[in-house]
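The values are calculated or read from the model by the stated rules, or taken from the named source; none is laboratory data. Since we're looking at a predicted model, the values are computed, not measured. No Cβ is skipped: glycine too gets one built from the backbone with ideal geometry, and neighbour counts run over all protein chains shown. Just the protein is used for accessible areas: all its heavy atoms, side chains included, with ligands, DNA and RNA removed. Shrake-Rupley method; radii C 1.70, N 1.55, O 1.52, S 1.80 Å.
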Amino acid sequence: DEVRRDRMFAMIRRYGWIAVLVVVAIVGGAAYNEYRKASETAAAQALGDAMIEALAVDGAPARAERLAAIQAESNGGEAIRRFMVAAARTGSDDIPGAVAALEVVAVDGDLPQVYRDIAAFKALTLQADTLSTAERRPQFEALAKPGAPLRLLAEEQLALLDITDGDAEAAISRFQAIASDAEADNTLRQRATQMIVALGGTAPTQQG
């Protein structure tokens, strides 16, 4: 027994530091995670407070400048800030400034796809008077791919481009597909149906 006890103590003296390091790592990791969570919460609250203060400023141009000066510490927070900057710049008729803010979000590969698609979609709709249908069409087609978050809204825009290009038949076909799509909500389905009727087409019968 004494020999076994001596061997055990020898092993502890020799390798006990490993156990200590493991304990320190576990405790330190837990502490770091709590610190990180607290820091992220504080940063989010600070960003929210700054945005609320900026939105309280009178006048869209002044709001846009205040929003543009805010510093966000996360990609998600920065995306939201840029969306708000774009809205404020749109309200002050600064379309190029709004588009610039949105395009930064649209090409940020670190953001969820839905954020990027919303930014790209909004930027395109804001440029209806400055980009030709030929320039906008391929970009809306990219947003209308199967499984894309804004697929149906992009299809609606493509149908409107068909009308602009004088192709009513193609527009009716697109609107009929939208109205028949199971993923279309009632508002979008109603808009599509109204456009079909206005263009002289026949709205699809909804299955109950």
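Volume per residue for region 140-182 equals 56 cubic angstrom (convex hull of Cα atoms).
The residues of region 142-208 have, on average, 57 Å² of accessible surface per residue, using a 1.4 Å probe with all protein chains present. With a cut-off of 14 Å between beta carbons, the residues surrounding L126 carry a summed charge of -1, where Lys and Arg count +1 and Asp and Glu -1. Here the accessible area is traced with a 1.4 Å probe on the protein chains. For region 86-155, carbon and sulfur cover 55 percent of it.
The length gained by stretching the chain between Q190 and D165 to full extension, at 0.36 nm per residue less their Cα-Cα distance, is 6.7 nm. Of the two radii for region 42-147, the radius of gyration is 1.01 times the Kirkwood radius, both from the alpha carbons; that is the Rg over Rh value. Decide, for region 52-97, between rounded, prolate and oblate: order the square roots of the alpha carbon gyration tensor eigenvalues as a ≥ b ≥ c, take rounded if a/c falls under 1.5, and otherwise choose prolate if a/b is larger than b/c, else oblate. It comes out oblate by the Cα gyration axes.
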